[in-house]
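Engineer: Submitted below is the structure of interest, expressed as structure tokens.
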Amino acid sequence: MRSMKKTVLVLFLILFGAPSAFAESPAVTTAINKVVAAYKKYGKQVSSLSMSCIMFMQEDGDPGEIDIAAREDHKKGCGGDPDVAPIVARFIVKKNKVFIEDPVDMSQHPFDASYKG
């Protein structure tokens, strides 16, 4: 029985990864907090959705950057299909600054008071 439990645990870790793999690093948490703070100030230039209907998730990015996607959160009260989460905007945090990515040409622009959408 003990051998079977070990086998099941090993299979679980192989299939789903170690639980620590799901934890965000402090740098990612800080980056998400920076994006959320900037979005609270300037987000109306990006979307008319309420902050409660937006979620922020890390994406793969270049070294030295942390890429964050703002996605629609279709939970109860927000509308939409709960099985999808379209991207509202993509943000890049580098050198302690938040940039927004232009979806057409992939250029990056400071996401601050100077941003005009």
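Only the coordinates and a few stated rules stand behind these numbers; no lab work does. No experiment lies behind these values; they were computed from the predicted model shown. Reconstructed Cβ throughout: ideal geometry from the backbone, glycine too, with neighbour counts over all protein chains shown.
Engineer: When Lys and Arg each count +1 and Asp and Glu each count -1, what net charge do the other residues less than 11 Å away from Gly117, Cβ to Cβ, add up to?
Structural biologist: +1
Engineer: Related question: Counting other beta carbons within 10 Å of each Cβ, put Glu101, Glu65 in order, fewest first.
Structural biologist: Ascending Cβ contact count within 10 Å gives the list Glu65, Glu101.
Engineer: Per-residue HN-Hα couplings for segment 50-61, Karplus 6.51 cos²θ - 1.76 cosθ + 1.60 at θ = phi - 60°, whole Hz, x for Gly and Pro?
Structural biologist: Rounded to whole hertz, the list is 5, 4, 6, 10, 10, 10, 10, 9, 6, 10, 5, x.
Engineer: Contact order normalised by length for segment 21-110, with contacts defined as Cα pairs under 8 Å and 6 or more residues apart; what percent is it?
Structural biologist: Relative contact order comes out at 21 percent.
Engineer: With a 10 Å Cβ neighbour count serving as the proxy for reagent exposure, in which order, fewest first, do Asp67, Asp60 appear?
Structural biologist: Final ranking by Cβ density, sparse to dense: Asp60, Asp67.
Engineer: Now for a different question. Going by how many other beta carbons lie within 10 Å of each one, how would you line up Tyr115, Tyr39, fewest first?
Structural biologist: Exposure proxy ranking, most exposed first: Tyr115, Tyr39.
Engineer: Could you pull out every residue, at least 5 positions away or on a different chain, whose amide H is within less than 5 Å of the one on Ala89? Hs are placed 1.01 Å off N in the peptide plane, and Pro or chain starts have none.
Structural biologist: HN-HN under 5 Å from Ala89: Ala70.
Engineer: Return the Rg/Rh ratio of segment 21-110 with Cα-based radii and a Kirkwood Rh. Before the final figure, lay out each step's value.
Structural biologist: Values: Rg = 13.0 Å, Rh = 13.6 Å.
Checking Rg against Rh, the ratio lands at 0.96.
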